[in-house]
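Below is one structure; the comments refer to it alone.
Bear in mind that the values in this text are calculations on the coordinates, not laboratory data. None of the values given here were measured: they were computed from a predicted structure. Because the Cβ atoms are built from the backbone with ideal geometry, glycine has one as well, and the counts that use them run over all protein chains shown.
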């Protein structure tokens, strides 16, 4: 047995486990911050808790896999041809993490796209198909004992990674397109939208890149563990992208703190904006708005001192942030 053979088998698995463990530590820090600084409704908190549980179980499983190969069976070259049960079960928990995070993002597509059945349906099909393939892979592989037998499921492994990459790219592209078309011309809302677009790209980019890396590795070097190194990390990337998105809401909301918005409740359409310009005044009676839209709770924008406007901006931002679990809907009149 050559050193090079160990490098691209156990070495690759070890590197994947270390990177995954590092990312898990980051997600734990983000989870602590989330539960101590965010005040979401219980379904979102339950989602985060479930994702963290699945992520932690997955980390324990891949640690058991590497430990079994490198410590328990140290010096036993024959073990490299055999399957450890935890290596097969971890696929299911990785799939569960991806299912929850992608479902959350699919619901965001549903809300921001004015309940588009086509976009949401296509995204949902990719998400469900990916998880279906994960279940099929786990069910078929659980009774296998050797990697030679597992090679029979190579096509299914390729399908899982291809669906994961396609789903992530579609979600990111859809959200970016919807947000870009929702620009209003107002600095405050456009600044928020720019930040949202950036986070949407980041949400899908890293997970897609990891899935593509795993896909290429299994096609080009399926006899090695290079694809396993990528697959070990993809669940952590889903978890961190979800938590980063949720924890960054205050940062995004405060990105326009240098712009003061004077408005009580004067709604107007984009057509009226283009007709009358950005500076419009209103004598409408003061009342709390019932329909919050990032499009506009404003009639006039002008630069002002940050200290003098902080309280008003915070109140207005809070109203807008409550519109959805992430940020206010940009293409809807009602939340």
Practice task
From the C-alpha gyration tensor of the range 103-224, pull out the three semi-axes of the equivalent ellipsoid (sqrt of 5λ each), sorted largest to smallest, in whole Å.
Solution key: 36, 16, 9
Handout entry: Contact order normalised by residue count of the range 178-234, Cα under 8 Å, 6+ apart, percent
Key = 25
Handout entry: Pair residue 251, residue 173: separation of 7 Å Cα→Cβ label points (nm)
Key = 2.7
Handout entry: residue 147/residue 216 FRET efficiency (R0 25 Å; Cβ-Cβ; nearest 0.05)
Key = 0.85
Exercise for the section: Using a Förster distance of 30 angstrom, determine the FRET efficiency expected from the C-beta separation of residue 36 and residue 125, and round it to 0.05. Expected result: 0.20
Practice task
Can you tell me the relative contact order of the range 1-139? Whole percent, Cα pairs under 8 Å, sequence separation 6 or more.
Solution key: 23
Exercise for the section: Sort out for me the Cα centre separation of the range 97-176 from the range 46-80, rounded to whole Å. Expected result: 22
Exercise for the section: Would you please report the Å³ per residue occupied by the convex hull of the alpha carbon atoms in the range 1-143? Expected result: 134
Handout entry: Kirkwood-type radius of the range 18-71, with distances r between different C-alpha atoms, in Å
Key = 12.3
Practice task
Wrap a convex hull around the Cα atoms of the range 3-254, take a quarter of its surface area, and give that in square nanometres.
Solution key: 14.2
